[in-house]
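Notes to accompany the following structure.
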Amino acid sequence: SSAPVRYLLHDGELIEYADARLHVLSTTAKYGVGVFEGFRAYWSEEDGELYAFRVADHMRRLVDSMRVVEIDGPTDIEELSGQLLGLIRANELRSNLHMRTQVFVDSADGKPDDTGPSTVYMAAIPMGNYFGATGLAVQISSWARLSDRAMPPRIKSIANYQNGRLALLEARRNGYGAALLLTESGHVAEGAGYNVFIVRQGRLCTPPSTESILEGITRDSVLQLAATQLGLEVDLRPIDRTELYSADEIFVCGSAAEVNHVTSVDRTPIGDGTNPGPITQQLQDLYQRAVRGRIPGLEHWVTPVYGT
Ligand code: PMP
């Protein structure tokens, strides 16, 4: 078979990859009701260990997401975390992984306002880099980032992803690698699957969580790394579009995207137009160490999967 792994997890039970099912008339399929998490585990050859990154924080956000979109699902963060780690061990995976937890509403002939019965699927699948190391040529999208008055951008509701998808398709059609979206009021929000930081006039800046962004866990990791390892205070403030064109450095960050530099915005080169700037480089390096439990004081971010 073409299954990338043998097992998935369904409501805590191992199932064969091909046996995952969702009814075509479920509330999820009909109305796009569902929430999810996506994050990584890193294999360390040196330690002979696999490290899952900020598992409990992802499961906490999953539970928050369920509350916001009103899905009656599991709420025990420790249990959810343990199930995911058990799935990795059942598949005996020893490489870099992308892990997903999906919560659906699988009512037959579902109504838009059904809040259950919920069903939880988990997957852990080998994955390398999401983007290349060459940096991103981004386009400012003509689509606005969805706002908290219409949809909840701060959590991972699957329906939100229609917004980023339109932006990404537009950017690709126009020959760009990625898209950044502005809020309805014209401030920089985020990309289709990543938050954004800029370095301008010597200050590291990122939009606050009230600017129609996902409350990214990588964003939070970068904030903590900047403060504790580089002694950099980060400005959490609204960012205008034109600040992007005059930024010294720009990077995006996300669990899949990691920390990745932006080489141009609407074809305007950023920095030397090719390489990450010095602060971006330092944060990239710190992040790659943090996800392998190599930053003193931040080891609690990683969970050893095999317990060596
Ligand atoms: N924004 C959006 C819209 C995303 O989908 C993601 C990926 N989850 C991010 C930002 C980055 O979030 P995190 O660092 O928690 O993966």
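What follows draws every value from the coordinates through simple rules; no lab data is involved. Quantities reported herein were computed from a predicted structural model and do not represent experimental measurements. Cβ: placed from backbone, ideal geometry, glycine included. Neighbour counts: every protein chain shown.
Listed values, structure above:
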item: Long-range amide H partners of Ala192 with built H, under 5 Å; result: Ala179
item: Hz values of 3J(HN,Hα) by residue in the range 118-130 - Karplus curve (6.51, -1.76, 1.60), Gly and Pro given as x; result: 8, 9, 10, 10, 10, 9, 9, 9, x, 8, x, 5, 7
item: Mean residue ellipticity (222 nm) of the chain, computed from DSSP H runs ≥ 4 via -39,500 (n - 2.57), nearest 500; result: -8000 deg cm²/dmol
item: Global form of the range 7-126, assessed from the alpha-carbon gyration tensor, a/c cut-off 1.5; result: prolate
item: Proxy reagent accessibility, fewest Cβ within 10 Å first, across Val262, Val63, Val305; result: Val63, Val305, Val262
item: Cα Rg over Rh - the range 136-290, Kirkwood; result: 0.93
item: Burial ordering of His98, His300, His58, fewest other beta-carbon atoms within 10 Å first; result: His300, His98, His58
item: Calculated FRET value between Arg241 and Ala133, using beta carbons and R₀ = 25 Å, to 0.05; result: 0.40
item: Potential lengthening between Ser209 and Arg289 on full extension [0.36 nm per residue; Cα-Cα distance subtracted]; result: 26.2 nm
item: Exposure proxy ranking, count of Cβ atoms within 10 Å, fewest first, for Cys253, Cys205; result: Cys205, Cys253
item: ³J(HN,Hα), Karplus 6.51/-1.76/1.60, whole Hz, each residue of the range 211-224, x for Gly, Pro; result: 9, 6, 10, 5, 7, x, 7, 5, 3, 5, 4, 4, 4, 6
item: Label-point separation, Ala20 to Glu184 (7 Å along Cα→Cβ), nm; result: 3.4 nm
item: FRET efficiency, 1/(1 + (r/R0)^6) with R0 25 Å, evaluated for His300 and Arg172 via beta carbons; result: 0.05
item: Net lengthening on full extension, Thr228/Asn96 (0.36 nm per residue, minus Cα-Cα); result: 44.9 nm
